[in-house]
Amino acid sequence: MNYAIKIGARLRNLAALTLSVPVLAGCFGAAAVGVGTGALMLTDRRNSETFISDQGMEIRAANRIGERHGDKVHVNVTSYNRMLLLTGEVPTEVMKADVEKLASGVPNVKAITNELAIAGPASFGGRSNDSYITSKVKARFVDADKFSPNHVKVVTEAGVVFLLGLVTQAEADAAVEIARTTGGVQKVIRVFEIISPEQARAIDSAVTGRQDARPAPKN
């Protein structure tokens, strides 16, 4: 079945890693997480359950949209901390509303940000350029060294960059400034959840604990 759906730019921001989350009877457990995903999960501010749930929500929402609308739409579904971001193109306002309704029916969705444009599907060249912009923004996050790049998820659509994550206000402002000044970026939209510095320190301490609890590699 040919769906014109990209599933939310899942972890494409980390070019060396790929995501593999098999769907078994609609359940997403620890056994469904690939090695690359597991490594990323150890450094993510979301807890493991939420991290895996987000991947499942992206897949479920994309499947629902594809089953209803097929290649009439180009929709990216990105989930972060159980909040969905919808980007891409749909032909009508009615279809835009229906896509949001379909996504909202996925279990455990807390909120939806619907940024779908009323337009024809983007060209392959346009989508490739968006992927390139995303990689440039992520690379500049690393170079700037103002926050952990793993704490900010980047989605690009038609040159518009969407930033997601559990971040402090200072981290959010730094990420926006870096993205805004990256070549090819037309606009930056914040989809962050802002947390206090104290909350960030507590979460990061728990993340460090997860990393320390990793089994030692076997020789």
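Show the residue pairs that are 6+ apart or on different chains and have beta-carbon atoms under 7 Å apart, the first residue being within the stretch 86-99 and farther than 18 Å from residue 57 by Cα, the second being assigned to a strand (DSSP E or B) and among the small types (Gly, Ala, Ser). Listed by first residue and then by second, the contacts come to 89/117. Could you tell me which residue of the stretch 108-137 is nearest to residue 72 (Cα to Cα), considering only residues that are assigned to a loop (DSSP other than H, G, I, E, B) and of a type in the set (Gly, Ala, Ser)? Ranking the qualifying residues of the stretch 108-137, first place goes to 120. Being more than 11 Å from the chain's Cα centre (by Cα) and within 15 Å of residue 117 (Cα to Cα) is the filter here, so list the residues in the stretch 148-166 that pass it. Hits for the stretch 148-166 are 157, 158, 159, 160, 161. Exactly one residue out of 88, 56 is among the small types (Gly, Ala, Ser) and either within 30 Å of residue 208 (Cα to Cα) or assigned to a helix (DSSP H, G or I) (or both): that is 56. For the stretch 168-194, taking the residues that are of a type in the set (A, V, I, L, M) and over 17 Å from residue 149 (Cβ atoms), the one that is nearest to the chain's Cα centre (by Cα) is identified as 189. Which one is farthest from the chain's Cα centre (by Cα) among residues in the stretch 95-112 that are surrounded by fewer than 16 Cβ atoms within 10 Å (Cβ to Cβ) and under 17 Å from residue 67 (Cα atoms)? Filtering the stretch 95-112 for residues that are surrounded by fewer than 16 Cβ atoms within 10 Å (Cβ to Cβ) and under 17 Å from residue 67 (Cα atoms), the one farthest from the chain's Cα centre (by Cα) comes out as 97.
Since every read-out is calculated from the coordinates, none of them should be taken as a lab result. The structure displayed is predicted, hence computed values, not measured ones. Don't worry about glycine lacking a Cβ; one is built from the backbone with ideal geometry, like all the others, and counts go over all protein chains shown.
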